[in-house]
Each structure stands twice: as structure tokens, then as C-alpha cells.
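Worksheet for the structure shown next.
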Amino acid sequence: MLIKRPSDIPASEITPHGVWLRRREFIRAAASGVGLVAAGGLLLPWDQTQGVETTVKPPGRGQPIPGLKPSAFSTDEAPTDYADITSYGNFTEFGSNKGDPARYAGALETRPWTLVVDGECEAPGRIGIEDILSGFTQEERIYRLRCVETWAMVIPWVGFPLGDLLARFKPTAKAKYVAFETLFNPKQMHGQKRQVIDWPYREGLRMDEAMHPLTILATGLYGETLPNQNGAPLRLVVPWKYGFKSIKSIVRIRFSAKEPPTAWNMLQPDEYGFYANVNPQVDHPRWSQRRERMVGAGIFARKKETKMFNGYADQVAGLYAGMDLKRFF
Amino acid sequence: MMRMTPERLVPIAKPLVFLLCLVPLGLLVAGAVADDLGANPVEAITHATGEWALRLLLLTLAMTPLKRLIGRPWPIRFRRMLGLFAFFYAALHLLTYLWLDQGFDGQAIIEDVVKRPYITVGFAAFVLLVPLALTSTRARMRRLGRRWQTLHRAIYAIGILGVLHYLWLVKADLREPLIYALVLAVLLLARLPFGRLGTAGRRLAGLLAVPERDRG
């Protein structure tokens, strides 16, 4: 464990300038959100005696994560069933079918797990998963998730702001982007034996996107540690972007001066952009993005209209002011 | 006592094959009723009906090569039923898309058919299947005479369009659609007249034999 002094970083260094300028907006958003969560807590008081402050009931399938804080950024929409979240998804490292991750991710060993952080920063280093779990205040964040394939879920993540972790490694002024890498281990991730994707899976964010308070590193789901098929032990969650941006089972984070290459963009640049913001006005070449199917809604449920930035426009639209989102899709 | 040749078994086998062809539908209905089709049942129904349409289409296309291979005519007697079941599952596949997936939203559907190549070819394959299903009765066959066969050669194009539909919708892992493409290619190649195929084979063997001699 090489991280020693997290306390004495001035706020101006942690908060990117753009966010800092719009701090009142965040305070407002947070204030209204707190009201909602408080109301939700009154309406849905599940067993408070266990001391886990989640609005969802942990299913008892993983290790409970103690001392969870509720978040003003959580949606009050009903979460998708745990069984659906953990049985349906894309994690190509374990196969190309949606059921493959649940079937094969058991082979992944998530302890010990070390995250390497390097690149354009003053304090490159590594940090173990236990120190990540104990060193950052874990929050419950109930977020909408929208897949580029047009299905959607509401997921009660457990996690903490990515910015909190990044700040500890003191990115320099040259750090304009953050690059992420998934574990490469074909023995445990059998899908990596075939070159479906140019392994390891890679993703990236612009620095201001990475520092945005909505962007989290998730360590859990439904109040418990992440199941392997959902990207254990540590994954990114960027709720206003299509799901493939939210890279799973991360082993490396690198600060970069240039826009880093990203896995799906390398494979099909005309279909998957670097930004990949949820945008009902910009179609994927093979399907319309105007509507989405809520997983768990049933066979006869109609699709829902997809919202700009997946409904997070109030918080994030400012990041892209003046950008042509058709070009930077 | 009569000898039980395969031809005599056809009348018994036909109802069995008919019931067998209904099994995928039965499983889907049972799964839907029991809410056991996974997290995204609409997708599960779409995929299952599409895959069975394609499988039955390939089975239909396999009957002629099979007849030649075993030198007996009985496979041809299953061809119409298999073809009609391919049409049946293709119709269910299309209906799933129009109803459960798109909710009969005409504008969205037209946009899909026009703008998305994999939907365009899938839709074209279905449109081409319709006249084949409508002219599948013996009476129509007799009435159309030689033109019936010309019309029903559209099945080759339908096979190719169906496989393209699958290939173009897959994101990255082409393995499964490529298996269908390979089977289709074998079934289409098997239709080349055997004489010509034999000549081509001998010529190929001759070419391959050259380095053999040179090696010595």
C-alpha cells in the first residue's frame, strides 16, 4: 500500500475548473436529490436494524458492504431485479452471449487485486482492492444504465467518485484524458482466447468527464460486493454514456495527454465513438437509439423514449457545450 | 408380407416430423407462460424464431443433396413441410419484431427497413418467401408447370439473404452466423451437377499432384 497522504490536497486541484465553475448547479441538484432520497427512505424503510443504509434489500449473495452512504444522485426509479442484472449483460471476456458472463465469470479470481495508476501524474502507484474498499466512502448510487443495443436497467451500484481516487495520484496539467484497462488473463477469462476484441478491453474518458461527480468506480451491487459477471472487483460506471464505456474488472488507469484508443471504437469506428453519450438523436448504424427496452418490464411492455444523456442532461450537458454531438458521437 | 422400405415409412414419419417442428414454438410458449425466457424475453423470442427459420430453411435446402447422396427419393417428400415451417418461423420472427419489439410503430419500422441493411435483407428474405409459401400446394405446382421451379429457385437467394441478415446484425463475434454461412455454402455447392463437380475435383487433384512429383 503506497498511498499515504490523501488529506492535504487543495480543493482547486481536485475539482476540475469547469465543474468548480458550475458548483452551484451541483449543490442545487444535490439538494433536490437529498429530498427525494429522504422521502424514499420514509416510504421504503426496509430492515434498518442491520445498519446497512441501502434503499434496496441486499439479496445475500455476496459480502455486504458496511457503512453505505445514500447519494443525492440516485434515481428514485425502481431498481431492476438482482437476478436480471446478474444474468444478462455484455462482458465479452467471458463470451459473446448475454448469459455467458454469469455462466463463466466464476473462474475470475478477484483477490488479491491491484490497480496500477500511472501516466501524467505526480504520484504514480498501485493500490489494492481492500484499500480501495476501506479508503473511500462507499455510497449507494442508483443509476439508469442504457446499453448501446437499446436495452436499459436501473442499477443500485455501490461505489465512490472516480475523481476521489484520481486526485490521490495527483494528475499533472498534461493529463487531459484517463485511460482504463481490463485484466488480460485468458486462463480466467476464457473469451480472451479468441481475438473477438483487441484485448485487453480499453476505455477512456476526458479528464472533466472522469472528474465529474456522477462518474463512479463501482465496488458493489445491491449493497454487496460486485458479482464477477458485473465486473468485479472494480468497474467504471458513467451513467450518461452507453454501457460499453463502463469498463469492468479494471487493473490499470493511466493519465494521458492524448485521447486514448478504446476497444469498440478500434473494432468499429463508425459504430462506436469515443464519447458514446446516450443520445436519442444520433442513431447507431444498425439500430435507432430513440427508444429503449426496460429489462424486466415483461413481454408486452412498450419501449420507453430514451432521454438525452440518459436523463442526466441537467448534470452533464455543460461538458459538451458547443460540441457537434453528431460528429463526436 | 411387404418389405418396409424407407419410402413406405414416409406417411408415418411425416406427422412425427410435423410435431418435431412444433417443439421450438412449444418451448417458447411454455417459457413465456412460466416467465422463464430470461431477462429480455422479447429478445429471446426474436432470436429463437429467427434461428429456427434459418435452420429449417437450411434443412429444406438439404433435402435435394440428401436425395442424391443416398440415391433414394424420400427426402423430397419432406421438403415442402420443412419449407413451410421455415416460412412459419420466419413469419413469427417478423411478427415478434413488428409487434413485441416495435409495437407496430409504422414510422420506426419503415425507417428500420430502409436505413438498416440487416433489416432490409431480412425483410427482403421474408417478402420472397411469401410467394413460395402461397404456391406450395400441388394444384398450384401443376398449374405453374415449369415456371414453378423457376419461381422456387428464389429459395437460394432467400438462404443467402437470411444468412446475411444474421451476419450483419452481430456486433463482433461472427462465429455463429459463419457456421450458418458455411452450411449454406456447402448446400449450394452440392447443387452443382456431379459430373462437372467430378471434373473440377479431378482437375484440382491434378494440380495438387504437381508439387508431389516435383518433390521427388
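Laboratory data are not the source of any read-out in this text; all were calculated from the coordinates shown. Keep in mind that this is a model prediction, so the values were computed, not measured. Virtual Cβ from ideal backbone geometry, glycine too; neighbours counted across all protein chains shown.
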- Net charge of Cβ neighbours under 14 Å - reference residue B:48; Lys, Arg +1; Asp, Glu -1: -3
- Note on the structure: Once the in-chain neighbours fewer than 8 apart are removed, the lysines whose Cα is under 20 Å from residue A:170 read A:4, A:258
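Residue A:259: net charge of surrounding residues, Cβ under 11 Å, Lys/Arg +1, Asp/Glu -1, itself excluded?
+3
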- Message: Please report the net charge: other residues with Cβ closer than 11 Å to the Cβ of residue B:162, K and R +1, D and E -1.
- Response: 0
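Where the only charges are on Cβ atoms (+1 Lys, Arg; -1 Asp, Glu), what is the dipole of chain B about its Cα centre, to the nearest 20 debye? Don't jump to the answer; show the numbers that get you there.
Values: 27 positive and 13 negative charges, 409 e Å.
Once rounded to the nearest 20, the dipole reads 1960 debye.
For region A:11-320, with only Lys/Arg (+1) and Asp/Glu (-1) charged at the beta-carbon, what is the dipole magnitude about the Cα centre, in debye rounded to 20? Before the final figure, lay out each step's value.
Values: 38 positive and 33 negative charges, 98 e Å.
Value, rounded to 20: 480 debye.
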- Note on the structure: Candidate cut points under trypsin sites (Lys or Arg not before Pro) in region A:178-258, DSSP loop plus at most 12 other Cβ atoms within 10 Å of their own Cβ, are A:187, A:258
- Note on the structure: Within the set B:73, B:24, B:193, GNM on chain B using Cα springs under 10 Å gives the largest fluctuation to B:193
- Task: Note down the relative contact order for region A:170-324 as a percent, whole number, built from C-alpha pairs under 8 angstrom at least six residues apart.
- Result: 23
- Alpha carbon centre of region B:90-166 versus region A:226-283: separation in Å? 37
- Message: Suppose we flag trypsin sites (Lys or Arg not before Pro) only when DSSP calls them loop and at most 16 other Cβ atoms lie within 10 Å. Which is the longest uninterrupted stretch of chain B?
- Response: B:4-152
- Surpassing 27 Å at the alpha-carbon level, of the pairs A:241/B:115; A:245/A:304; A:69/A:98, are A:69/A:98
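Could you list the chymotrypsin sites (Phe, Trp or Tyr not before Pro) in region B:73-120 that lie in coil according to DSSP, counting only those with at most 13 other Cβ atoms within 10 Å of their Cβ?
Numbers: sites: B:78, B:85, B:87, B:88, B:89, B:97, B:99, B:104, B:118; in loops: B:104.
Answer by residue number: B:104.
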